[in-house]
Amino acid sequence: MTNAATHHPTDETLAGYAAGTLDEARRLVVSMHVARCAACDLQVARYEAVGGALLELATAVPLRSDALENALRQIGDDTVPPGASSERDPLDRYELGPWRWVGPGVHQRSVSVPEADGIKVFMLKAAPGTKLPHHKHIGYEWTCVLEGAFEHQFGRFGPGDFDEADETMEHKPTVCEGVPCICIVALQGGIRLQSRLGRLLQPLIRL
Amino acid sequence: MNVYCTAMVEFDPARLITRIAATQDRGAFAELFMHYAPRLKAMMMRRGANTDRAEDLAQETLLRIWRKAAQFDPGRASASAWVYSIARNVSVDLMRRETRAAAWLKEQGEPEEEDLDEPELHLLVAEREGLVRATIATLPHEQLRVIRLSFFDGLAHSEIADLLEIPLGTVKSRIRLALQRLRDRLGELK
């Protein structure tokens, strides 16, 4: 884990992540950032400490009389010995689709997060120097950079950086020179291209 | 002297988890189970599971604790924070999260407030984890309430605003103030 990231989720987002209140799409994108950012990982740990304290203070609810017996039987039958399960990449539980061309210099692959409320998750790969079309958001667009970098009016976003955009923001990102930029994106409601040409091309760009 | 407080001092969950990892100690598991499963059941019920389902989810959480015991790092997190994070994952993995109407929670009512601010608690539980608990117990009621609705009951900030019929900004500022206070009192929360 590095501390290279300079753009982070808001505290509210990290609190929601720790509490388990984010939808699956946003949770995945936030987890990709947290796995790459020691500062946010620590912040999440602080919130989890609060959750743990509340758990200790909770009023216990009685269990069925055979609950412990059942649990002991389950761990007795358990074929997975303690310690066998290891931390996995949050992406491991999802299928990644093939890279598909979606526009000049830009490829996209699907991430098999079940689509709910018009939210979808995908990865984008854009060649160095690519100017992505000027766009506005219909809902939110949360992005975590995995490789390479892009730039827009709010700064430069490199590996691990997190970009939280909503419908109040307009974006005109440019991919930085060097290596292709690969991001994971949770997008709600799609985007709206701002230029006349963009609007003509919109049906072709399957974002 | 409060019996519950005395029990809390003797109960050392971090050691129990370490013992599970080292020797697959079923006695240690049973002790953890008896302490956490009833509290986890409460948490799952607050998160919208019915009694039976909540108990299954509490069982699943303990089973994951058994399997993941070797991953627990007492230097990074307290036992209760680690158990909480596993329970949170169980609830997001296995409960289909439906946006619960404020009406649903109103019907449930709020759990009875325990008398948290006991001097014995401050004296007895000097270890860090106890300090978090003791400090939480000193939060003003309205801050403790939003913190609990958020981290224990798993409500989004907007849902808390609906439930309490207060502006979203008020929810956010109460949570911020509570966390600020915890940080002021505790330095690094671990």
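The values are calculated or read from the model by the stated rules, or taken from the named source; none is laboratory data. None of these values were measured; they are calculated from a predicted model. Note that we place each Cβ from the backbone using ideal geometry, even for glycine, and neighbour counts take in every protein chain shown.
If you go through segment A:159-175 and pick out every residue that is surrounded by fewer than 19 Cβ atoms within 10 Å (Cβ to Cβ) and part of a loop (DSSP other than H, G, I, E, B), you end up with 6.
Every residue in segment B:137-159 that is in a helix (DSSP H, G or I), within 10 Å of another protein chain (Cβ to nearest Cβ), buried (at least 21 other Cβ atoms within 10 Å of the Cβ) and of a type in the set (A, V, I, L, M, F, W, C), please. B:ILE147, B:LEU149, B:PHE151, B:PHE152, listed by residue number. When A:THR79 is tested against (1) assigned to a loop (DSSP other than H, G, I, E, B); (2) over 26 Å from A:GLN153 (Cβ atoms); (3) modelled with pLDDT of 90 or more; (4) more than 10 Å from chain B (Cβ to nearest Cβ), only condition (3) is not met. Pairs are defined by a Cβ separation below 7 Å, a sequence spacing of at least 6 or placement on different chains, a first member in segment A:6-25 that is free of Cβ contacts under 8 Å to residues at least 24 places away in the same chain, and a second member that is polar (S, T, N, Q); the pairs so defined are A:GLY20/B:SER91.
Scanning segment B:59-80 for residues that are assigned to a helix (DSSP H, G or I), in contact (Cβ under 8 Å) with a residue 24 or more places away in the chain and not polar (S, T, N, Q) turns up B:GLU60, B:LEU62, B:ARG64, B:ILE65, B:TRP66, B:ALA69, B:ALA70, B:ALA79. Annotation: B:GLU107 fulfils all but one of (1) exposed (fewer than 13 other Cβ atoms within 10 Å of the Cβ); (2) at pLDDT 75 or above; (3) in a helix (DSSP H, G or I); the unmet one is (2). A count restricted to segment A:48-73 and to residues that are more than 7 Å from chain B (Cβ to nearest Cβ) and either touching a residue at least 24 places away in the same chain (Cβ under 8 Å) or charged (D, E, K, R) (or both) stands at 3.
Among the conditions (1) modelled with pLDDT of 85 or more; (2) small (Gly, Ala, Ser); (3) under 15 Å from the mean Cα position of the chain (by Cα), A:ALA165 misses just one, which is (1). Total residues in segment A:130-158 satisfying the condition of being in a loop (DSSP other than H, G, I, E, B) and within 21 Å of A:THR6 (Cα to Cα): the figure is 6.
Scanning segment A:100-129 for residues that are buried (at least 18 other Cβ atoms within 10 Å of the Cβ), of a type outside the set (A, V, I, L, M) and at pLDDT below 90 yields a total of 1.
Comparison of A:LEU207, A:LEU197 shows that the only residue that is part of a helix (DSSP H, G or I), at pLDDT below 85 and not small (Gly, Ala, Ser) is A:LEU197.
Which condition does B:GLY48 not pass, out of (1) facing chain A (nearest Cβ under 7 Å); (2) outside any helix (DSSP H, G or I); (3) not basic (Lys, Arg), if it passes all the others? Going through (1) facing chain A (nearest Cβ under 7 Å); (2) outside any helix (DSSP H, G or I); (3) not basic (Lys, Arg) one by one, B:GLY48 breaks only (1).
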